[in-house]
Amino acid sequence: MTDRYGRKIEYLRLSVTDLCNYRCIYCMGKDGVCKKSHSDILSIEELTEIARAAYALGIRKIRLTGGEPLVRKGILTLCENIRALGGDIDLSLTTNGSLLRNMTSDLKASGVDRLNISLDTLNEETFNRITRGGKLSDVLDGLKAAEEAGFTHTKINTVLMGGVNDNEIIDLINLARDNPVSVRFIELMPMDVVSGWDNSRFISTDIVENLLRKPDLVSFDGVARVYRPGGFIGTVGVISPLSHSFCNRCNRIRVTADGKLKPCLHSKDEIDLRGLSGDELLTAIREGVLNKPECHHLGEHHTDTPRSMNEIGG
Ligand code: SAM
Ligand code: SF4
């Protein structure tokens, strides 16, 4: 599928739940989310149907997200179902890593190709504060288990926050020096719970690129700019929704856990996919791609979506 600005859309981020076992300060309020009724959330069959339609329309990269996808009942069945759609699907999952330790082999066996693990700090106390109760060692164990289970090209997502973890940038960069992972620094996005935060919390990924002393750009990976500094086993990437517009390289669409197709993360436009099947479902997805906005407007004002990140999936 190609949108009206000539962008080839081949990547679907599919949110499987809005629930989570963490309450990260930049993602959710301290009381978490109002639990939706079971029937408000897409069933495993509906999620599979949407993935099937997307595949038929040329989507070849599917990332499962949430909320925390590993708390979703039936997640392994969903992975198996998506894998069965085609061997040419790049199937990945974004997780906070807390429940990963005992699930890596099953995820591998269910057809997951790659993992993204969120990790904003290597300091136990800061980790506990950011996640409101999480334990850093759980995530580090998960990361290790992923490598032991044979996962490669694992990405570590770090949201940069001034005064919270900007003193650890070098340590986080060094994870990629010493391990075969891609550490990707993401600019904090002013959504929902974050909208009222002080400007000093929002820092540009330029700070990371400057610390890397301008190494050669290895590649663009979707919306990320990726570097491999000399002597590094892994790579370091930056994702800069605020400081550098990347919308011309955006190749993705999203589906929320309650079944709304979002052509752009920051737009309030949504198309309800619930209850659609066959040609109707294909048409709705095509329509979403055709109406994908040219760019977001974060630079001019806050996001246009009223949804929080855990509802959309990042
Ligand atoms: N629970 C999983 C996790 O944390 O990886 C998947 C869902 S989470 C919503 C997906 C990604 O969104 C995470 O990497 C998280 O750090 C990021 N995220 C959440 N709120 C954000 C914000 N306000 N700005 C930037 N990234 C955010
Ligand atoms: Fe949960 Fe991920 Fe949001 Fe943290 S960022 S509260 S782990 S959904």
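The values are calculated or read from the model by the stated rules, or taken from the named source; none is laboratory data. Remember, it's a predicted structure, so these values are computed and weren't measured experimentally. No Cβ is skipped: glycine too gets one built from the backbone with ideal geometry, and neighbour counts run over all protein chains shown. Only protein heavy atoms, including side chains, enter the accessible area calculation; ligands, DNA and RNA are left aside. Shrake-Rupley method; radii C 1.70, N 1.55, O 1.52, S 1.80 Å.
Some notes on this structure:
- Where labels lie 7 Å past Cα in the beta-carbon direction, separation of Arg132 and Glu80 in nm: 3.5 nm
- Evaluated over region 139-242, the Cα radius of gyration and Dmax, each in Å: 14.1, 42
- In a DSSP loop and with at most 15 other Cβ atoms within 10 Å, the chymotrypsin sites (Phe, Trp or Tyr not before Pro) in region 182-247 are Trp197.
- The fraction of accessible area contributed by carbon and sulfur in the chain is 49 percent, rounded to a whole number (1.4 Å probe; ligands and nucleic acids excluded).
- If both residues of a DSSP beta bridge must be in region 11-312, then about 25% of such bridges are antiparallel.
- Between the listed residues Gly231, Asn81, Asn179, the Cα displaced farthest toward the positive end of the dipole of the chain, a dipole computed from Cβ unit charges relative to the Cα centre, is found at Gly231.
- Around the Cα centre of region 11-312, unit charges on the Cβ atoms of Lys, Arg, Asp and Glu (plus for the first two, minus for the last two) sum to a dipole of about 260 debye.
- Taking the Cα centre of region 1-97 as reference, the dipole from Cβ charges on Lys and Arg (+1) and Asp and Glu (-1) amounts to some 260 debye.
- Residue of Lys144, Lys262, Lys108 that the Gaussian network model of the chain assigns the largest fluctuation, springs spanning Cα pairs under 10 Å: Lys144
- Accessible surface, the chain, averaged per residue in Å² (probe 1.4 Å): 43 Å²
- The percentage of C-alpha pairs in the chain whose separation is greater than 30 Å is 29%.
- Think of each Lys and Arg Cβ as +1 and each Asp and Glu Cβ as -1; about the Cα centre, that makes the dipole of region 224-270 roughly 120 debye.
- Once you divide the Cα radius of gyration of region 63-139 by 2.2 N^0.38 Å, the number left is 1.19.
- Evaluating 6.51 cos²θ - 1.76 cosθ + 1.60 at θ = phi - 60° for every residue in region 9-15, the Karplus couplings come out as 9, 9, 10, 10, 9, 10, 8 Hz, glycine and proline recorded as x.
- Distance histogram for region 51-189 (every C-alpha pair counted, 10 angstrom bins, percent rounded to whole numbers): 12, 41, 32, 13, 2
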